[in-house]
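For reference, the structure is listed below as structure tokens.
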Amino acid sequence: MKAMIDACHGFFTLPDEEREEFKSSNDVLEMFNCGTSYNLDLDKFLKWRDFFNARVHPEFYALSKPAGVSEVSLKFSRKTRQVALEITSAIAESLGLDPSYIHHAMNTDRGFEILAANYNPPCPQTESAIGLPRHTDSGLFTLLIQNEMNGLQVEHNGKWATIDVPPNCFFVNLADQMDILTNGKYKSLIHRATLNNKATRISVVFSHGPSADTVIAPAPELLEKHGQAPKYIGMNYIEYMKIQLSGKSYQKSTLDHMRYKHAG
């Protein structure tokens, strides 16, 4: 895990002209994109971060700089994917389903998986800036690691709680597609990233998701078992991600757009 954090630090401290070589469009299907969010968002809050997103499954994007980063990220992604698959089986069992149910329903053999990194240097005005604003993640769940600086906060009962993620540990963050699949049994976690004025925070997130062409809807087996009506409409995963990336769901999560009116 430390090697992955160090590799990301190496990328973010490359000269600007070298990082410019990797910039691409903001299309969700791009194998790699990176950029800087030191700009005003719609709510006039300054987002203070550098970032990259790399597709690592089913195809793996091999980042060429700095030296060794491709090997480190490949090893990390493969091992983390195995952890994600074990968690997926455990969630299925906890729901009274066959351990392989979610794997088959979500086509995880071709799962759309992304390795993302965020770099938040010390911010002189933390009261008017944010690392990442309030949001939920799009996939089934994410696995997060970070350096020694905290900054992740989750929303609980209308208040923000800072999460202490110990070294060499994952924080598992349930995401939107798991919420939809379980009809709200496993709820997507609302969270944000805060800043500090003392040291740089680096976080790395592995997003575990369905295949890009899978249509996700509440599992019929769970609806029948619990006598429930579906709370969400079904949607192709790639279309869901495009809506989320487009900004159309600003200040209202994409998940909220998917709710049937009767579900509130």
Selection within segment 52-89 - aliphatic (A, V, I, L, M), surrounded by fewer than 17 Cβ atoms within 10 Å (Cβ to Cβ) and under 21 Å from N118 (Cα atoms): A62, A67, L74
Taking segment 22-44 and the residues there that are under 21 Å from I202 (Cβ atoms) and in a loop (DSSP other than H, G, I, E, B), the one that is modelled with the highest pLDDT would be F22
Please count how many residues of segment 136-167 are surrounded by fewer than 18 Cβ atoms within 10 Å (Cβ to Cβ) and within 28 Å of S211 (Cα to Cα). 1
Please state which of the following conditions V172 fails to meet, knowing it meets all the rest: (1) farther than 27 Å from E127 by Cα; (2) of a type outside the set (S, T, N, Q); (3) in contact with a Ser or Thr (Cβ under 6 Å, 6 or more places away or on another chain). (3)
Pair list, Cβ < 6 Å and 6+ apart or interchain, from segment 222-242 residues that are at negative phi and of a type in the set (S, T, N, Q) to residues that are surrounded by 15 or more Cβ atoms within 10 Å (Cβ to Cβ) and not in a helix (DSSP H, G or I): Q228/N183
Considering only residues of segment 210-234 that are under 16 Å from G139 (Cβ atoms) and of a type in the set (A, V, I, L, M, F, W, C), which is surrounded by the fewest Cβ atoms within 10 Å (Cβ to Cβ)? V215
Scan of segment 126-158 for residues that are part of a loop (DSSP other than H, G, I, E, B) and hydroxyl-bearing (S, T, Y), ordered by number: T136, S138
Would you please name the residue that is nearest to K187 (Cα to Cα), looking only at residues in segment 58-87 that are touching a strand residue (DSSP E or B) at 6+ places or on another chain (Cβ under 7 Å) and either in a helix (DSSP H, G or I) or of a type outside the set (F, W, Y) (or both)? I87
In the set A212, A229, which member is in a loop (DSSP other than H, G, I, E, B), under 19 Å from the mean Cα position of the chain (by Cα) and either modelled with pLDDT of 95 or more or under 30 Å from C169 (Cα atoms) (or both)? A212
Residue satisfying condition, being at pLDDT 95 or above, over 29 Å from A7 (Cβ atoms) and not polar (S, T, N, Q), within set L85, L74, L97, L115: L97
Go through segment 90-107 and give me each residue that's among the hydroxyl-bearing types (S, T, Y) and surrounded by 17 or more Cβ atoms within 10 Å (Cβ to Cβ). Y101
What are the pairs, 6+ residues apart or on separate chains, where a residue within segment 8-28 that is closer than 11 Å to K65 by Cα has its Cβ under 7 Å from a residue that is among the small types (G, A, S) and outside any helix (DSSP H, G or I)? C8/A117
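The values are calculated or read from the model by the stated rules, or taken from the named source; none is laboratory data. It should be emphasised that the depicted structure is a prediction, and the values quoted were computed from it without experimental measurement. Positions of Cβ are generated from backbone atoms using ideal geometry, with glycine treated the same way; all protein chains shown enter the neighbour counts.
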